[in-house]
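> Can you keep this structure in mind? I'll have questions shortly.
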């Protein structure tokens with residue numbers, strides 16, 4: 001009996017010792033966090049607009065960053081609308097706090113970057129949405145519903161995932177469409193007998209059923225492009241990595257894009273010669289079709305060849321961009337280590 005009671009007594013003593021320390025930690029008031037000298041302790045409305053902070057919170061008056069015991073921070077935002085001032089709180093993780101400091105330190109750079117880089121604009125919008133979509137009534141309190149400011153319309157024509165997926169879908173769609181259209185719409189209709197120097201030989205004669213050929217080629221290509229766009233649109237709506245760092249060069253991405261375009265062009269030309277010249281194996285090499293004197297049946301294979309060349313250049317560009325970003329991050333780390 002005594003052996004059973006001793007552990008329980010030790011647990012009680014431990015609880016009695018730790019309970020005051022826990023209560024003291026909870027009772028400690030939040031401490032004010034100074035972000036940067038450019039904004040000081042308090043972010044007013046002018047600084048919020050200048051540094052593009054908390055862009056989705058309407059009725060913004062001013063805000064401060066509070067530190068509490070533990071890894072989290074909270075932004076206490078005072079709202080001045082609806083006739084009376086009130087406070088709401090946004091939970092901020094340490095990595096997000098460093099990102100906010102990065103935005104303050106690089107205001108001029110960030111002012112122009114989202115306008116010229118759609119992926120950077122979407123990454124910045126996703127970053128603020130993750131912070132502002134869960135306002136709290138108090139630190140650790142219940143959620144509160146707030147009107148959300150209209151988010152700026154981001155560029156969609158040059159969105160990266162849409163571009164990549166549409167290009168891939170068009171490449172596959174044109175290849176499959178041309179292949180199916182050729183095998184379904186091109187047929188051998190006769191063999192022409194010719195007498196040359198007393199020799200008799202046979203040359204196949206082909207004809208194309210244009211409705212079947214173009215319905216298959218264009219329809220499957222359109223399906224591939226549409227499926228690629230929908231997939232890219234879904235990927236574009238997900239949070240993206242951090243935008244480029246300042247002083248990020250473009251040398252590697254340019255060199256890699258040009259270097260990859262050369263083999264890509266060769267590969268596309270080879271595909272056009274083999275697939276287009278034989279109509280995906282349906283005809284003999286470079287054999288003309290009687291009712292297609294203009295050679296329009298080569299177009300699906302030509303489109304696929306162009307897409308292959310562009311895809312190769314795009315992959316080279318992405319590899320070079322990753323190298324440029326990695327070099328810029330290393331340079332930024334060295335500058336921070338030297339206190340610059």
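The values are calculated or read from the model by the stated rules, or taken from the named source; none is laboratory data. Note that this is a predicted model, so its numbers are computed, not measured. Positions of Cβ are backbone-derived with ideal geometry, glycine not excepted, and every protein chain shown enters the neighbour counts.
> Which count do you get for residues in the stretch 27-48 that are in a helix (DSSP H, G or I) and at pLDDT 85 or above?
Qualifying residue count for the region: 4.
> Among the residues of the stretch 29-41, what is the count of those that are in contact with a strand residue (DSSP E or B) (Cβ under 8 Å, 6 or more places away or on another chain) and surrounded by 15 or more Cβ atoms within 10 Å (Cβ to Cβ)?
Residues in the stretch 29-41 being in contact with a strand residue (DSSP E or B) (Cβ under 8 Å, 6 or more places away or on another chain) and surrounded by 15 or more Cβ atoms within 10 Å (Cβ to Cβ): 3 in total.
> Here is a follow-up. Could you check the stretch 275-297 and list, in sequence order, the residues that are surrounded by fewer than 17 Cβ atoms within 10 Å (Cβ to Cβ) and in contact with a helix residue (DSSP H, G or I) (Cβ under 7 Å, 6 or more places away or on another chain)?
Of everything in the stretch 275-297, those that are surrounded by fewer than 17 Cβ atoms within 10 Å (Cβ to Cβ) and in contact with a helix residue (DSSP H, G or I) (Cβ under 7 Å, 6 or more places away or on another chain) turn out to be 285, 286.
> Any idea how many residues of the stretch 50-70 are on the phi < 0 side of the Ramachandran plot and touching a strand residue (DSSP E or B) at 6+ places or on another chain (Cβ under 9 Å)?
Summing the residues that are on the phi < 0 side of the Ramachandran plot and touching a strand residue (DSSP E or B) at 6+ places or on another chain (Cβ under 9 Å) in the stretch 50-70 gives 14.
> Looking at (1) part of a helix (DSSP H, G or I); (2) surrounded by fewer than 19 Cβ atoms within 10 Å (Cβ to Cβ), which is the one condition that is false for residue 308?
Just one mismatch for residue 308, condition (2).
> Check whether at least one residue in the stretch 89-99 is under 30 Å from residue 236 (Cβ atoms), in a loop (DSSP other than H, G, I, E, B) and either at pLDDT 90 or above or not assigned by TED's automatic domain parsing to the domain that holds residue 325 (or both), and report yes or no.
Looking for residues that are under 30 Å from residue 236 (Cβ atoms), in a loop (DSSP other than H, G, I, E, B) and either at pLDDT 90 or above or not assigned by TED's automatic domain parsing to the domain that holds residue 325 (or both), one finds at least one in the stretch 89-99, hence yes.
> Another one. Being more than 16 Å from the chain's Cα centre (by Cα) and at pLDDT below 75 is the filter; apply it to the stretch 108-139 and report the residue that is surrounded by the most Cβ atoms within 10 Å (Cβ to Cβ).
Once the filter is applied, the top-ranked residue is 110.
> Looking only at the stretch 277-298, filter to residues that are in a helix (DSSP H, G or I) and without any contact (Cβ under 8 Å) to a residue 60 or more places away in the chain; which one of those is farthest from residue 208 (Cα to Cα)?
Looking at residues that are in a helix (DSSP H, G or I) and without any contact (Cβ under 8 Å) to a residue 60 or more places away in the chain, I get 277.
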